[in-house]
Amino acid sequence: MMLDEKNKDRNVSEVQDFAKAVITNVEKVIVGKRSTIELVLMALLCDGHVLIEDVPGIGKTMLARAIAITIGLDFKRVQCTPDLLPNDVTGVSVFNQKNREFEFRPGPAFSNILLADEINRATPRTQSALLEAMGEGQVTVDGISYPLPKPFIVLATQNPIEFEGTFPLPEAQLDRFLLRLSIGYPDFANEDAMMQMQQMAHPINSLSQTADGKRLSELQDQIRRVYVAESMRRYILNLIQSTRNHPALTLGASPRGTLALFRTAQAYAALHGRDFVIPDDVKRVAVPCLAHRMIANPEIAFSGETTAGIMQKLLKEIEVPLVSAQDKP
């Protein structure tokens with residue numbers, strides 16, 4: 001029993017050490033956005049994809065680059081445009097005249113971290129190529145399926161205010177993003193610090209690896225071992241069910257959303273030094289986990305109400321279970 005307790009403490013400690021190394025390094029580039037960096041890191045630890053939605057120039061692409069450099073995994077970027085073809089992402093079969101056979105040449109999807117910049121500028125056909133990669137960890141070219149390297153994580157960005165020339169992501173693809181988040185404008189002090197940091201050169205140019213991304217698979221297993229009591233599972237299910245029965249919503253959270261909330265709550269608990277989930281863990285990740293999986297009624301959306309706002313109200317309305325000894329391992 002004592003050995004089990006020591007193992008649990010060590011597992012949580014390893015996750016925390018990894019997180020600290022990543023966050024500290026990324027903050028050299030992205031100033032004053034610790035909570036956002038933490039959420040992206042949680043997605044990595046849950047083997048999930050992230051959609052970063054915000055106005056231009058806020059640092060979306062730089063955040064993705066900084067994360068990739070910090071953990072030292074293979075990183076590729078695709079600039080999504082209307083003329084981008086599916087093969088530009090997945091790869092193409094080329095005829096080799098020497099051996100008179102077709103050879104597959106992998107595209108940028110064959111990486112550990114794929115940055116899909118301005119993903120909503122790609123056509124639905126190209127977006128569907130990413131759909132298979134995100135959902136199944138493989139791509140199919142000319143009828144042949146090719147497995148993608150592990151881990152494979154998509155960090156996608158999109159600008160919400162530019163509608164001309166964009167193709168909104170379908171619900172099926174939005175549902176495959178573990179989290180949707182925004183970075184937001186920096187405050188006065190942090191923007192001043194940013195100007196000073198970049199006076200001579202951009203800090204991304206001198207950023208180095210500080211964490212071993214090859215350990216992600218091991219750390220992901222440790223996240224799965226975080227204890228979730230029955231009362232916490234019921235709390236998650238009550239939140240999910242409330243989105244499906246809400247009169248202001250035409251579409252509630254999917255079962256994939258249930259699993260996403262369950263897993264990210266485990267990750268949040270581990271990052272904060274606990275090997276068990278409490279209600280605050282669920283509350284903290286509920287909006288970035290579920291809001292993009294919900295669709296508001298047209299009249300509600302026209303009034304300015306957002307799915308994120310509805311989710312916040314549900315978090316206040318749903319009864320929160322008390323943490324007892326039974327809720328701990």
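If you go through segment 281-303 one residue at a time, how many are buried (at least 24 other Cβ atoms within 10 Å of the Cβ) and either among the polar types (S, T, N, Q) or not in a helix (DSSP H, G or I) (or both)?
1
Can you tell me which of (1) touching a helix residue (DSSP H, G or I) at 6+ places or on another chain (Cβ under 8 Å); (2) not in a loop (DSSP other than H, G, I, E, B) is the one residue 166 doesn't meet?
Tallying (1) touching a helix residue (DSSP H, G or I) at 6+ places or on another chain (Cβ under 8 Å); (2) not in a loop (DSSP other than H, G, I, E, B), residue 166 fails exactly one: (2).
Would you mention how many residues in segment 193-246 are of a type in the set (A, V, I, L, M, F, W, C), closer than 26 Å to residue 16 by Cβ and under 24 Å from the mean Cα position of the chain (by Cα)?
Qualifying residue count, segment 193-246: 10.
I'm trying to understand the selection: among the residues of segment 234-258, which are part of a helix (DSSP H, G or I) and buried (at least 16 other Cβ atoms within 10 Å of the Cβ)?
Listed by number, the residues that qualify are 235, 236, 239, 240, 242, 243, 257, 258.
Mind checking which residues of segment 241-280 are among the aromatic types (Phe, Trp, Tyr), more than 21 Å from residue 310 (Cβ to Cβ) and out of contact with any Pro (no Cβ under 7 Å at 6 or more places or on another chain)?
Residue satisfying the conditions is 268 alone.
Specify the residue that is nearest to residue 228 (Cα to Cα); the eligible residues are those in segment 268-323 that are of a type in the set (Phe, Trp, Tyr) and in contact (Cβ under 8 Å) with a residue 40 or more places away in the chain.
276
Cβ contacts < 7 Å: first residue assigned by TED's automatic domain parsing to the domain that holds residue 26 and farther than 30 Å from residue 277 by Cβ, restricted to segment 199-225; second residue charged (D, E, K, R) and surrounded by 14 or more Cβ atoms within 10 Å (Cβ to Cβ), any location; separation 6+ or different chain. Result?
203/28; 204/65; 207/28
Which residue is surrounded by the fewest Cβ atoms within 10 Å (Cβ to Cβ), if the candidates are limited to segment 207-227 and must be within 12 Å of residue 45 (Cβ to Cβ) and small (Gly, Ala, Ser)?
217
Starting from segment 140-151, take each residue that is under 12 Å from residue 92 (Cα atoms) and list its partners that are surrounded by 11 or more Cβ atoms within 10 Å (Cβ to Cβ) and of a type in the set (Ser, Thr, Tyr), counting only C-beta distances under 7 angstrom and pairs at least six apart or across chains.
Listed by first residue and then by second, the contacts come to 141/90; 141/93; 142/93.
Would you call residue 68 touching a Phe, Trp or Tyr at 6+ places or on another chain (Cβ under 7 Å) and either surrounded by fewer than 20 Cβ atoms within 10 Å (Cβ to Cβ) or modelled with pLDDT under 95 (or both)?
Yes.
In segment 259-280, how many are of a type in the set (Phe, Trp, Tyr) and not in a helix (DSSP H, G or I)?
So the answer is 1.
Out of the residues in segment 7-28 meeting the condition of being surrounded by 20 or more Cβ atoms within 10 Å (Cβ to Cβ) and over 28 Å from residue 185 (Cα atoms), tell me which one is modelled with the highest pLDDT.
Ranking the candidates gives 15 first.
Got a number for residues in segment 29-63 being modelled with pLDDT under 90 and closer than 16 Å to residue 121 by Cβ?
Number of matching residues: 6.
Which members of segment 177-188 meet the condition of being surrounded by fewer than 21 Cβ atoms within 10 Å (Cβ to Cβ) and either charged (D, E, K, R) or farther than 11 Å from residue 31 by Cα (or both)?
Scanning segment 177-188 gives 182, 184, 187, 188.
For residue 95, are the conditions met, namely being touching a strand residue (DSSP E or B) at 6+ places or on another chain (Cβ under 8 Å) and more than 25 Å from residue 156 (Cβ to Cβ)?
So residue 95 fits the description; yes.
Would you mind listing the strands (runs of 3 or more DSSP E) fully within segment 52-129 where at least 2 residues are touching a residue at least 12 places away in the same chain (Cβ under 8 Å) and under 29 Å from residue 20 (Cα atoms)?
Per the criteria, 75-79, 113-117.
Among the residues of segment 157-169, are any surrounded by 15 or more Cβ atoms within 10 Å (Cβ to Cβ), over 14 Å from residue 52 (Cβ atoms) and in the same structural domain as residue 124 (by TED's automatic domain parsing)?
Within segment 157-169 (the criterion being surrounded by 15 or more Cβ atoms within 10 Å (Cβ to Cβ), over 14 Å from residue 52 (Cβ atoms) and in the same structural domain as residue 124 (by TED's automatic domain parsing)), the answer is yes, since at least one residue qualifies.
Among the residues of segment 216-233, how many are aliphatic (A, V, I, L, M) and assigned to a helix (DSSP H, G or I)?
Residues in segment 216-233 being aliphatic (A, V, I, L, M) and assigned to a helix (DSSP H, G or I): 4 in total.
The values are calculated or read from the model by the stated rules, or taken from the named source; none is laboratory data. Quantities reported herein were computed from a predicted structural model and do not represent experimental measurements. All Cβ positions, glycine included, derive from the backbone under ideal geometry; neighbour counts span all protein chains shown.
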